[in-house]
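The next block holds one structure in the form of structure tokens; read it before the comments.
The values are calculated or read from the model by the stated rules, or taken from the named source; none is laboratory data. Note that the structure is a prediction, hence the values are computed from the model and not measured. Here the Cβ positions follow ideal geometry from the backbone for every residue, glycine too, while neighbour counts run over all protein chains shown. Heavy atoms of the whole protein, side chains included, go into the accessibility calculation; ligands, DNA and RNA do not. Shrake-Rupley method; radii C 1.70, N 1.55, O 1.52, S 1.80 Å.
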Amino acid sequence: MSKTVQLIIDNKSYELPVVEGSENEKAIDISKLRAQTGYITLDTGYKNTGATKSGITFLDGEKGILSYRGYPIEQLAEKADFLEVCYLLIYGDLPSTKEFNAFKENITNHTLIHEDMRIFLDAYPTKAHPMGILSAAVCTLSTFYPESQKQNRSDEAVDLTIQRLLAKLPTLAAWAYKNSIGHPVNYPKNKYSYCENFLNMMFAMPAFDYEPDPVVVNALNKLLILHADHEQNCSASTVRIVGSSQANLYASISSGVSALWGPLHGGANQAVIEMLEKIMVDGGGLMKWINKAKDKDDSFRLMGFGHRVYKNFDPRAKIIKKAADDVLNKLGIVDPVLDIAKELEEVALNDDYFKSRGLYPNVDFYSGIIYRALGIPTEMFTVMFAMGRLPGWIAQWKEMMADNQPIGRPRQIYTGSKERDYSDIHKR
Ligand code: ACO
């Protein structure tokens with residue numbers, strides 16, 4: 001017999017079903033709660049609320065486990081190709097060689113962007129943040145492919161939109177960057193792999209030849225894989241909730257880009273480097289900043305520390321920390337910011353404030369250091385995250401649509417004024 005829990009309200013008892021996941025996580029199914037009891041649950045920030053069942057990503061915050069479709073993140077980061085991981089997340093299994101080649105070819109063939117989209121870039125101010133451009137540009141793609149807005153989409157039509165998104169996001173990202181420095185854009189080149197093509201569009205210049213360095217290509221591949229999905233995080237939940245209104249996939253992904261931008265989510269990678277540079281320039285020592293982070297009257301937080309679900313360690317941070325060391329060694333880069341990052345980590349990990357709250361470096365603490373070493377400008381860090389997270393957003397959207405989930409629409413407890421009568425403005 002399936003498990004239930006008992007809820008007693010005003011001496012009346014209700015049986016609520018318990019749902020168990022494949023890794024033994026447990027939830028109380030409250031989907032009939034309001035109909036049965038008149039009550040709703042209140043959980044701001046959804047700290048205890050499962051918004052969906054999902055078969056995409058598993059994570060155990062206490063044990064520091066993360067896997068995509070059952071494959072441990074450590075194995076994928078070490079051995080896989082980012083596009084292989086995209087396929088795995090979106091379609092549920094690793095591709096055969098034939099499937100993978102077809103997938104890669106389709107993506108390579110869709111990297112170009114309509115010239116009218118390039119013209120839009122000219123209208124942005126030169127200092128426009130590339131995340132603002134990316135979010136707008138992704139949504140704008142829907143206007144070039146109006147068939148994507150239809151509600152009754154065939155699987156083939158959805159696949160085409162997926163290919164276009166995966167293919168065009170690096171082009172849009174690199175073009176947003178080129179625009180911000182006033183340089184001409186580079187067009188995609190089919191001879192390159194996914195990561196090589198992006199690097200070429202970022203760094204090639206009319207004045208000199210550019211060949212992507214394999215060390216840089218490998219590091220980028222790893223970073224994209226590590227960011228590819230993270231179950232029901234802020235941006236994935238945003239994509240799901242926007243998609244649940246039957247908005248098209250471009251619009252849904254664009255909303256995910258916007259959600260990711262915030263410094264408490266993907267924007268943390270930019271904020272980490274800005275914080276480390278500030279600490280370096282300040283020269284007042286680390287304790288000043290540690291104490292600021294601990295002071296409840298000070299809004300300063302240690303960026304790159306803490307995570308909603310990882311309360312012991314973030315497995316991605318472990319991999320990235322090692323990768324940062326490798327990349328810096330291989331490229332022969334000495335970065336004083338990395339030294340500050342290491343010192344800060346050491347001090348914070350031994351401080352009771354951080355220990356007692358389970359605050360550890362998260363994925364973004366070290367990713368910025370690698371991006372700097374790869375020559376990616378700070379304002380592009382969150383864009384890099386978006387490129388990595390794209391397959392996760394798509395997979396979450398696709399799963400939600402396949403499950404025919406209802407429109408996302410939470411309830412509230414109203415705490416405003418009781419009903420009162422309107423009075424004419426002149427009599428007030
Ligand atoms: N520095 C100092 N104190 C912190 C930090 C921090 N980075 N993070 C949390 N705390 C403290 C809070 O003040 C709170 O203390 P209290 O219990 O005395 O009130 C306690 O730790 C719990 O913090 P919450 O904000 O309740 O934890 P929550 O799960 O809501 O937030 C979050 C998680 C947003 C990631 C938070 O740790 C944070 O702001 N970190 C810095 C930003 C960051 O690095 N974000 C990237 C996350 S990873 C990602 O999105 C890819």
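Some notes on this structure:
- Condition met for residue 418 (within 16 Å of the ligand (Cβ to nearest atom) and surrounded by fewer than 14 Cβ atoms within 10 Å (Cβ to Cβ)): no
- Pairing each residue of region 300-321 that is at positive phi with any residue that is near the ligand (Cβ under 6 Å from one of its atoms), provided the two are 6+ apart or on different chains, yields C-beta distances under 8 Å for 304/268; 304/362; 304/364; 306/357; 306/359; 306/362.
- Per-region count, region 295-317, residues of a type in the set (Gly, Ala, Ser), open to solvent by less than 70 Å² (accessible area, probe 1.4 Å) and farther than 22 Å from residue 76 by Cα: 2
- Any hit, region 227-246, residues being touching a residue at least 12 places away in the same chain (Cβ under 8 Å), at positive phi and away from the ligand (no atom under 16 Å from the Cβ): yes
- A single member of 407, 376 is open to solvent by less than 10 Å² (accessible area, probe 1.4 Å) and either outside any loop (DSSP other than H, G, I, E, B) or not basic (Lys, Arg) (or both), and it is 376.
- Selection from region 321-347 of residues that are within 15 Å of the ligand (Cβ to nearest atom), at pLDDT below 90 and either in the same structural domain as residue 215 (by TED's automatic domain parsing) or open to solvent by less than 20 Å² (accessible area, probe 1.4 Å) (or both): 341
- Reported count of residues in region 19-60, each being open to solvent by less than 70 Å² (accessible area, probe 1.4 Å), aliphatic (A, V, I, L, M) and over 26 Å from residue 395 (Cα atoms), is 2.
- Residues in region 359-370 that are of a type outside the set (D, E, K, R), open to solvent by less than 10 Å² (accessible area, probe 1.4 Å) and within 8 Å of the ligand (Cβ to nearest atom): 2 in all.
- Considering (1) within 13 Å of the ligand (Cβ to nearest atom); (2) closer than 24 Å to residue 202 by Cβ, the lone condition that residue 354 does not fulfil carries the number (2).
- Some residue of region 78-85 being closer than 22 Å to residue 388 by Cβ, hydrophobic (A, V, I, L, M, F, W, C) and touching an Asp or Glu at 6+ places or on another chain (Cβ under 8 Å): no
- Among the residues of region 354-377, some residue qualifies, meaning at least one is β-branched (Val, Ile, Thr) and touching a Lys or Arg at 6+ places or on another chain (Cβ under 6 Å).
- Number of the exception - residue 284 against (1) among the small types (Gly, Ala, Ser); (2) open to solvent by less than 70 Å² (accessible area, probe 1.4 Å); (3) within 16 Å of the ligand (Cβ to nearest atom): (3)
- Condition check for residue 68: touching a Gly at 6+ places or on another chain (Cβ under 9 Å) and at pLDDT 95 or above: yes
- Selection count, region 148-201, where residues are assigned to a helix (DSSP H, G or I) and open to solvent by 50 Å² or more (accessible area, probe 1.4 Å): 5
- Filter result (over 13 Å from residue 290 (Cα atoms), more than 22 Å from the chain's Cα centre (by Cα) and in contact (Cβ under 8 Å) with a residue 40 or more places away in the chain) within region 340-375: 357
- Of all residues in region 247-281, those satisfying the criterion of being outside any helix (DSSP H, G or I) and away from the ligand (no atom under 14 Å from the Cβ) are 247, 248.
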